[in-house]
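Before any comments, here is the structure.
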């Protein structure tokens, strides 16, 4: 049961819960549970029964998936304020398709999936807004698929950097280790680092530790090794 006012307010700020009437919202809180994880702790494993979804309050979570060839691929990095595993409520899947692991000490709210779904049956307007959110995430996944289909590793990295620019101002900050970004792009960490240095030598980016500044966006978008 969630009784902490600050945690309830954090839930209210998320679009999945901000329009719920008071009575169903408090019923949702009554079945919710606070969770705390240390760095490296596993929240759930790929293939486990999916009964709950989560809102991250603090920390950082990574979602990874083991591919048929045994390689582990980074699917997404979750930051505070984001929900994850909520799409399973509508997909018909009964098992988590990914593993969720804490990248740093994290606090979360664990929510009962079946109960939340039953609440939505009486809230058609919220259902429509949720569909819009899921559609946005689907387009993001399609963009990632487009990137991964590029055979040239240099093109993958260049496309990733173009997508990651903050509000088009050319600034990119890596909030996760480079090896995880490399995994997300389907390349080896050393390959990722080598390509970044090639882009620097070509005058397309400047890099200092975990921060990158794009110097020439058009050339970067058309980059090909």
Only listed residue being under 21 Å from residue 175 (Cβ atoms), outside the structural domain of residue 173 (by TED's automatic domain parsing) and touching a residue at least 24 places away in the same chain (Cβ under 8 Å), chosen from 74, 31: 74
Selection from region 15-26 of residues that are closer than 13 Å to residue 55 by Cβ and surrounded by fewer than 15 Cβ atoms within 10 Å (Cβ to Cβ): 15, 18
Count of region 205-225 residues which are free of Cβ contacts under 8 Å to residues at least 24 places away in the same chain and closer than 13 Å to residue 172 by Cα: 4
Strands (runs of 3 or more DSSP E) (entirely within region 48-134) containing at least 3 residues that are modelled with pLDDT under 90: 72-78
Residues of region 36-47 that turn out to be in a loop (DSSP other than H, G, I, E, B) and without any contact (Cβ under 8 Å) to a residue 60 or more places away in the chain, as a count: 3
Identity of the residue in region 95-124, in contact (Cβ under 8 Å) with a residue 60 or more places away in the chain and surrounded by fewer than 15 Cβ atoms within 10 Å (Cβ to Cβ), that ends up nearest to residue 7 (Cα to Cα): 105
Hits in region 16-35 (condition: assigned to a loop (DSSP other than H, G, I, E, B) and touching a helix residue (DSSP H, G or I) at 6+ places or on another chain (Cβ under 6 Å)): 17, 18, 19, 31
Tally, over region 162-175, of residues that are in contact with a strand residue (DSSP E or B) (Cβ under 8 Å, 6 or more places away or on another chain) and surrounded by fewer than 17 Cβ atoms within 10 Å (Cβ to Cβ): 7
Selection from region 1-10 of residues that are in contact with a helix residue (DSSP H, G or I) (Cβ under 7 Å, 6 or more places away or on another chain) and at pLDDT 90 or above: 8
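The values are calculated or read from the model by the stated rules, or taken from the named source; none is laboratory data. What you are looking at is a predicted structure, and each value in this text was computed from that prediction instead of being measured. In this analysis, Cβ positions are derived from the backbone assuming ideal geometry, glycine residues included, and neighbour counts consider all displayed protein chains.
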